[in-house]
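Here, each number is a calculation from the coordinates, and none is a lab measurement. If you're wondering where the values come from, they're calculated on a predicted model, not measured in any experiment. Ideal geometry is used to build each Cβ from the backbone, glycine not excepted, and the neighbour counts take in all protein chains shown.
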Amino acid sequence: MKISSCLFLLLLIFAQNNVASAQMIDTGYNGKIKMYTTDARFLPESVLNLEISTSVPSPEKYFGNIIGAPGVMHTAREIYGYYQQLAASSPNLQMNRVSTTEEGRPIYQVVVASKETQQQLEQQKKQLALLADPRKITAAEADKIIQTTKPVFYLNAGLHSPEMGSPEMLMELAYRLITSSSPAIRAILNQVVVVINPVAEPDGRDKQVDWYYRYTKSRNTFDDGFPRSSPYWGKYVYHDNNRDGIQVSQALTNAIFQMYYEWHPTVMLDLHESVPLIYMSTGTGPYNETIDPITIGEWQVMANHDITTLAAQGLPGAFTWAFYDGWYPGYGIWVANNHNSIGRFYETFGNAGANTYMRDLTDSKYAGDAVTSREWYRPDPATPLVNWSSRNNINYMQAGVLASLTYTADNARQLLKNFYQKGLNNIQRGKKDKPGCFVIPYAQKDPSMVAFLIKQLRKQQIEVHQVDTGKQKNDYVILLDQPYRNLAVSLLTKQSFPKEAKFPPYDDIAWTMGYLYGVTVKQEDSVSFSRGNLKPVSDPVVYKGNISGAGTQYLLKYSAQQKVLAAAYAIQKNNPSVKQQILAEKWVFAAGKDSALAGSIYWEGLSKEDAQAIAQQFGLDLQQVSAIPNAIKRNVMKLPRVGIYHTWYNTQDEGWARYTFEQMGVPYVSLQKDDLKRGDLNSRLDVILIPRTGGSASDFINEIDSRFGPMPYTKTEAFPSHGYPDSTNDMTGGPGFAGMAQLRLFVEKGGLLISLDNSTRIMAETGLADGLDIYDASGLFHPGSIVMAKVRQTGSPVLNGFPASFPIFRGNGPLLQVKKYDRGKMLLQYGNKPLKDEVEYDGPIMGVPAKGKGKEEAKSTPDVPYLVSGMVRNEATIIGQGAIFQVPVGKGALIGFTFDPLHRFLNLHDAPLVWNCLMNWEQLIGKQ
Ligand SMILES: [Zn+2]
C-alpha cells in the first residue's frame, strides 16, 4: 500500500470516528447539565457526554427536561414509566414488579446488564446463592463460580422521601449504562449486574413530590423554618423506614429483603441526602462486633476509592469516616452487611426538591470538626457558603456511583471471593467458637412470642431447627455452623457498646431479641442434641393455643401475653353477651392445687367453640374451670374506645404506635389538634394515647408556625397523594391553649391519658400531669439499651402479668420525678435500688432511745446490674427514678411512661404495659 493511500485511510477513519462521536454525544443535554450546575468544580467529567440513541429515549426526550432541571421532580409512577420505556427499547434493561406498598403502589426493580448477561440471569442467581452458602459447594467449585459469575451491584434510591435526588439520578445513570459506547461504561455493563430499586418508598415519594409542588417549590430561601418534608411518608413509618431491618415490618423493607435474597448482591449502596457535599460511608466506629473484618476492610477500600475518583475529577467537598458509626444492624443496607455482602451508603447534599439555594455550611460539624475543615478524611472541603442546585446533587451522586461500579467491575473476583470467604468464616466460627448453639424452650409464658421470634429469625434466613423425637415436637435450636452465624449471635446475645467510645452512637445500641420479645433464649457452649433429632423448621411457625381442664367457664392465666387484649375485643365484637372479667386478686382453685394470679381473665358465657377459636387465633392457652366463687374480687373488663394522637410536626412514633395496635388487633381512631379543639372528647373516647413525639411543650401546643398557614394537607386533584393517613385543612397552629384545655377536661371528666417518653415531659410541662416535675439526670447518657426495672406498686393493674423486676428497653428520653410524699404515684422504677432520700436512716435519733446493734437486719435488695444489654453512662443518676407514673387528674388519670414501650415495633415485651392500661382503664381512673 502506498503511503498516500495509507494516510488517506487514516484520515478517513479519523473523520468517521469524529463524525460518529459528534453525532452520538448529546451536546444539547451536555449544555443543560453545564447550565444547571452552579460551578464548574461541581461538574465531573464522568457525568457528561450522554449519547443520543436512535432507539432508546433519553430522559430529556421522554420527560422534556434533563435530569436535575430546576423545578422538576417526578412521581413514582412517572419514574417507573420511564424505566418501562427503557425496558421496551433496550435489551440491556428489564423491570419486574417486586411487591405492593401499604397504600397499594407497586414496587419495581430494574435490572441493568448487557444483553448477553440478561439471558443468563437465572444462572447468575443460582451461582450467587451457592457462594452465599459454602456448605453446598467444594472450594474448587467455589473457585469456578467466582471465575464465571458477575458481581451484583444493588442500588437503592428514595428511601427517605425528602432526599429527592437519587430516584431522578438513577434514571440518567440507567440510560447512560444501556446506551454508552465509552469503554468505561461498557466495562460496567458487561461485567456487573446492576439491580436498581428506583423508588424504595413509593408512597412517600408521591407525597413528597406533591409537597414540593404544593409548597416548597415557591420558597426562595432554604432555612426559612418552613417544613421541607410531607408530614407522612409511608402509611406508618417516616424516617425510621431505615430502622426496620430487624423487624422487617413494612412493605418497603420486605421488598428490599426480597430483592436481596433474590440476588445475593455483592455490593449494596443506598443513596441518601444530608451532609455537604458528599459523604461516602465507612462510619467512625465502634463497628458492630459481629461483622466480619473483611467487610470492615471493604468499607474502607471502597469509600477511599470513590473519594479518590471524585478528587481526580476535581470535585471538592467529598468526605468519608466522620458520620455515623457502623454499630446498629437494622438499617436498610445492613441486610447486605448482615448477610456477608457489603452495605454502603452515600449522603449527598440536597435541597429537598429541585430549587437552587444559597446554603450555609458554617454550623455543620461532623465528628467534632467543621465540614469546611481540611482533614485526612476530607482532603478538599467546600467553602462555608455554597450555591447549590439539584443538578449539583445529581452530578455528585452519579459520579460516586459510577466510581463504585467501576471498582466493582475491576475487582469482581476479589469481591466475590470475599463474599464466599465470609460465609466460610461464619461456618467455621460456628463450629469452634462459643456459643455452640442457642436453645429456645418451647414452653414459655407467651408461646405466641416464641413463634414470633422464630419467624423473625427466619426472615433473616437464619436456620432454625426443632427437636423432633417423632413423638413430640419440642424446643427450637439455632445451630451455628451456618452462613449467617454472626447475625444469629448478634440478634440473640447481649450488646456491649464500648463506654469509652469517642463519639456518641448514631442510634440504638442494643437489640437482643430475647429481651425485646420477652422470650427466654438459652446460650449453650456446645450442642447437646443428637443431630438426628433436629428437624429444620421450614413451615411458618404459628402457635395455636390449647384448652385444658374441665368446667363450664374459661380462664386465662395472665402473664402479659401479647394478644389477650385483641382476644377480648374479638369476643366483645362477636359475643357481646360474654362477661369478660379480670381477677383483682389471686384465685386458688381445684382444691388448692391450681391458682390464677391477679390480672387473669375469667369469661362467663363463652361457648366451647368460641373458646377454641380464640385460643387458636390468638395463640392463648385457656383453661376450663368451674364457676369462680363470688368472694374472689374481680372487675368487669370494659374495653375502651381508644384514640391515638398525632401532631403535624412529628408523626414518626405515632406511626409505629398505629402499626403496633393494628398488628396486635387493638382498635383505635386517629386524633389530631382539630379533634382536641372540637372538644367533647369524652363522648367519643375513653382513653387517649399520646405516643412519643419530639419537641417541647411549646411545639406541642403550637405545632407548625401559623405564619405559614393555612397549610392544607388534603387530597385534591392536583395533590392526590395528600390527605392520608390523616388530613386537615390547616397543619399549622396546633391545638393551642383551647385544645389543651379540652384535653385536660377529657381527663378531669374521667378519661385516661397515656403518654409515652418525651410526651410525658410535655404533659408535665403543660400542666396535665399534676405533681410531675422535670428531673435533670446530670451526666446521664442512655442510648437505646435494655435495662432493669422494678415494680414499686405491687397490685397496680398496669403491671399485671409482670414479675417484680424485669428488663425494659429505654433510650435517651427525659426523666420526671415526684416529691417524696407523692412516691405512691411511681408504679415502676429504673434499677432495683431506692432513691437516696428513700434509704432508711439507721443512725442515732435524738429523743428516741438507741437501738441495740444487730437487732434489725436492714432489708437488702439483691444487687442486680442495671444494664442488661447496650451501654449507659452515669447510671447512678437514673437508678431509683420513675419509669411509669400514675397521676390522678380530676375523675381521670394520666399514666406517664418515661420510656417508650411502643418503640419501633421492637420492644414488644414492653407493649403489654400499654395493653394493661387499656384493659384496666376503669380501675386506673378509680371507677371500679
Ligand atoms: Zn436518609
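Specify the residue that is nearest to Met280 (Cα to Cα); the eligible residues are those in the range 318-327 that are more than 14 Å from the ligand (Cβ to nearest atom), outside any strand (DSSP E or B) and out of contact with any Ser or Thr (no Cβ under 6 Å at 6 or more places or on another chain).
The qualifying residue nearest to Met280 (Cα to Cα) is Ala322.
Filter the range 77-104 down to the residues that are in contact with a helix residue (DSSP H, G or I) (Cβ under 8 Å, 6 or more places away or on another chain), part of a helix (DSSP H, G or I) and more than 20 Å from Val209 (Cβ to Cβ) and list them by number.
Leu86
Between a first residue in the range 521-543 that is in contact (Cβ under 8 Å) with a residue 60 or more places away in the chain and more than 15 Å from Glu463 (Cα to Cα) and a second residue that is part of a loop (DSSP other than H, G, I, E, B) and charged (D, E, K, R), which pairs have beta carbons less than 6 Å apart while being 6 or more apart in sequence or on different chains?
Note: pairs meeting the criteria are Asp525/Lys434.
Applying the selection to the range 344-366, what residues are assigned to a loop (DSSP other than H, G, I, E, B) and either buried (at least 21 other Cβ atoms within 10 Å of the Cβ) or touching a strand residue (DSSP E or B) at 6+ places or on another chain (Cβ under 9 Å) (or both)? Spell out the reasoning first.
From the range 344-366, those assigned to a loop (DSSP other than H, G, I, E, B) are 349-356, 361-364; that's our starting set.
The answer is Phe349, Gly350, Asn351, Ala352, Gly353, Ala354, Thr356, Leu361, Thr362, Asp363, Ser364.
Which pairs turn up if I take residues in the range 241-259 that are under 16 Å from Gln461 (Cα atoms) and look for partners that are small (Gly, Ala, Ser) and away from the ligand (no atom under 16 Å from the Cβ) with beta carbon separation below 7 Å, at least 6 apart in sequence or on another chain?
Pairs that qualify, where the first residue is under 16 Å from Gln461 (Cα atoms) and the partner is small (Gly, Ala, Ser) and away from the ligand (no atom under 16 Å from the Cβ), are Asn254/Ser99; Ala255/Ser99; Gln258/Ser99.
Please determine whether any residue of the range 567-574 is surrounded by 19 or more Cβ atoms within 10 Å (Cβ to Cβ) and of a type in the set (Val, Ile, Thr).
Checking the range 567-574: at least one residue is surrounded by 19 or more Cβ atoms within 10 Å (Cβ to Cβ) and of a type in the set (Val, Ile, Thr).
For the range 474-492, which positions are in a strand (DSSP E or B) and in contact (Cβ under 8 Å) with a residue 40 or more places away in the chain? First the steps, then the outcome.
Residues of the range 474-492 that are in a strand (DSSP E or B), as a first pass: 474-479.
Once the filter is applied, which keeps residues that are in a strand (DSSP E or B) and in contact (Cβ under 8 Å) with a residue 40 or more places away in the chain, the range 474-492 yields Tyr476, Val477, Ile478, Leu479.
Yes/no matrix, rows are residues, columns are (1) surrounded by fewer than 19 Cβ atoms within 10 Å (Cβ to Cβ); (2) basic (Lys, Arg); (3) touching a residue at least 40 places away in the same chain (Cβ under 8 Å); (4) closer than 30 Å to Ser595 by Cα:
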residue: Asn630; (1), (2), (3), (4): yes, no, no, yes
residue: Asn635; (1), (2), (3), (4): yes, no, yes, yes
residue: Ile644; (1), (2), (3), (4): no, no, yes, no
residue: Tyr649; (1), (2), (3), (4): no, no, yes, no
residue: Gln672; (1), (2), (3), (4): no, no, yes, no
residue: Asp699; (1), (2), (3), (4): yes, no, yes, no
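For the list (1) at positive phi; (2) of a type outside the set (D, E, K, R); (3) more than 26 Å from the chain's Cα centre (by Cα), I need the number of the one condition that Gly695 fails.
For Gly695, the exception is condition (3).
Identify all residues within the range 336-370 that are within 16 Å of the ligand (Cβ to nearest atom) and of a type in the set (Lys, Arg); write none if there are none.
Across the range 336-370, the qualifying residue is only Arg344.
Under 6 Å by Cβ, and 6 or more places apart or on different chains, what pairs join a residue from the range 147-169 that is aromatic (Phe, Trp, Tyr) with one that is more than 10 Å from the ligand (Cβ to nearest atom) and assigned to a strand (DSSP E or B)?
Filtered contacts from the range 147-169: Phe153/Val194; Phe153/Val267; Tyr154/Val195; Tyr154/Met268.
If Thr138 passes every condition in (1) within 16 Å of the ligand (Cβ to nearest atom); (2) without any contact (Cβ under 8 Å) to a residue 12 or more places away in the chain; (3) among the hydroxyl-bearing types (Ser, Thr, Tyr) but one, which one does it miss?
Against the list (1) within 16 Å of the ligand (Cβ to nearest atom); (2) without any contact (Cβ under 8 Å) to a residue 12 or more places away in the chain; (3) among the hydroxyl-bearing types (Ser, Thr, Tyr), Thr138 comes up short only on (1).
Restricting the range 280-295 to residues that are in a helix (DSSP H, G or I) and in contact (Cβ under 8 Å) with a residue 24 or more places away in the chain, which is farthest from the ligand (Cβ to nearest atom)?
Ile294
Give just the number: which of (1) out of contact with any helix residue (DSSP H, G or I) (no Cβ under 8 Å at 6 or more places or on another chain); (2) of a type in the set (Lys, Arg); (3) within 26 Å of Asn907 (Cα to Cα) does Arg692 not satisfy?
In the conditions (1) out of contact with any helix residue (DSSP H, G or I) (no Cβ under 8 Å at 6 or more places or on another chain); (2) of a type in the set (Lys, Arg); (3) within 26 Å of Asn907 (Cα to Cα), Arg692 misses (1) alone.
Give me the residue from the range 224-279 that is of a type in the set (Asp, Glu) and in contact with a strand residue (DSSP E or B) (Cβ under 7 Å, 6 or more places away or on another chain) and, out of that set, nearest to the ligand (Cβ to nearest atom). Full working, then the answer.
Restricting attention to the range 224-279, the residues satisfying the condition of being of a type in the set (Asp, Glu) are 224, 240, 244, 262, 270, 273.
Of the ones still in play, those that are also in contact with a strand residue (DSSP E or B) (Cβ under 7 Å, 6 or more places away or on another chain) are 270, 273.
On the way: Asp270: 8, Glu273: 6 Å.
Restricting to residues being of a type in the set (Asp, Glu) and in contact with a strand residue (DSSP E or B) (Cβ under 7 Å, 6 or more places away or on another chain), the top hit is Glu273.
I'm trying to understand the selection: among the residues of the range 141-160, which are closer than 30 Å to Glu347 by Cβ and more than 16 Å from the ligand (Cβ to nearest atom)? Write out each step before concluding.
The first filter runs over the range 141-160 and keeps only residues closer than 30 Å to Glu347 by Cβ, leaving 150-160.
Those that are closer than 30 Å to Glu347 by Cβ and more than 16 Å from the ligand (Cβ to nearest atom): Lys150, Pro151, Val152, Phe153, Tyr154.
Against the conditions (1) within 16 Å of the ligand (Cβ to nearest atom); (2) more than 17 Å from His272 (Cβ to Cβ); (3) surrounded by fewer than 21 Cβ atoms within 10 Å (Cβ to Cβ), where does Tyr215 fall short? Just the number, please.
Of everything listed in (1) within 16 Å of the ligand (Cβ to nearest atom); (2) more than 17 Å from His272 (Cβ to Cβ); (3) surrounded by fewer than 21 Cβ atoms within 10 Å (Cβ to Cβ), Tyr215 misses just condition (1).
Look through the range 195-210, keep the residues that are hydrophobic (A, V, I, L, M, F, W, C) and within 16 Å of the ligand (Cβ to nearest atom), and return whichever of them is surrounded by the most Cβ atoms within 10 Å (Cβ to Cβ).
Across the range 195-210, the extreme among qualifying residues is Val199.
Could you check the range 731-775 and list, in sequence order, the residues that are crowded, with 24+ Cβ neighbours inside 10 Å and part of a strand (DSSP E or B)?
The answer is Leu752, Leu753, Ile754, Ser755, Leu756.
Is one or more of the residues making up the range 105-116 surrounded by 15 or more Cβ atoms within 10 Å (Cβ to Cβ) and among the basic types (Lys, Arg)?
Looking for residues that are surrounded by 15 or more Cβ atoms within 10 Å (Cβ to Cβ) and among the basic types (Lys, Arg), one finds at least one in the range 105-116, hence yes.
For the structure I just gave you, tell me whether Thr660 is hydroxyl-bearing (Ser, Thr, Tyr) and assigned to a helix (DSSP H, G or I). Lay out the reasoning, then the answer.
Numbers: hydroxyl-bearing (Ser, Thr, Tyr): yes; assigned to a helix (DSSP H, G or I): yes.
Criteria met by Thr660.
Exactly one condition in (1) more than 16 Å from the ligand (Cβ to nearest atom); (2) within 15 Å of Ala200 (Cβ to Cβ); (3) among the acidic types (Asp, Glu) is false for Glu163; which is it?
Evaluating Glu163 over (1) more than 16 Å from the ligand (Cβ to nearest atom); (2) within 15 Å of Ala200 (Cβ to Cβ); (3) among the acidic types (Asp, Glu) leaves (1) as the failure.
Quick check, is Tyr515 among the aromatic types (Phe, Trp, Tyr), surrounded by 20 or more Cβ atoms within 10 Å (Cβ to Cβ), touching a strand residue (DSSP E or B) at 6+ places or on another chain (Cβ under 6 Å) and on the phi < 0 side of the Ramachandran plot?
Working: among the aromatic types (Phe, Trp, Tyr): yes; surrounded by 20 or more Cβ atoms within 10 Å (Cβ to Cβ): yes; touching a strand residue (DSSP E or B) at 6+ places or on another chain (Cβ under 6 Å): yes; on the phi < 0 side of the Ramachandran plot: yes.
When the stated conditions are applied, Tyr515 passes them.
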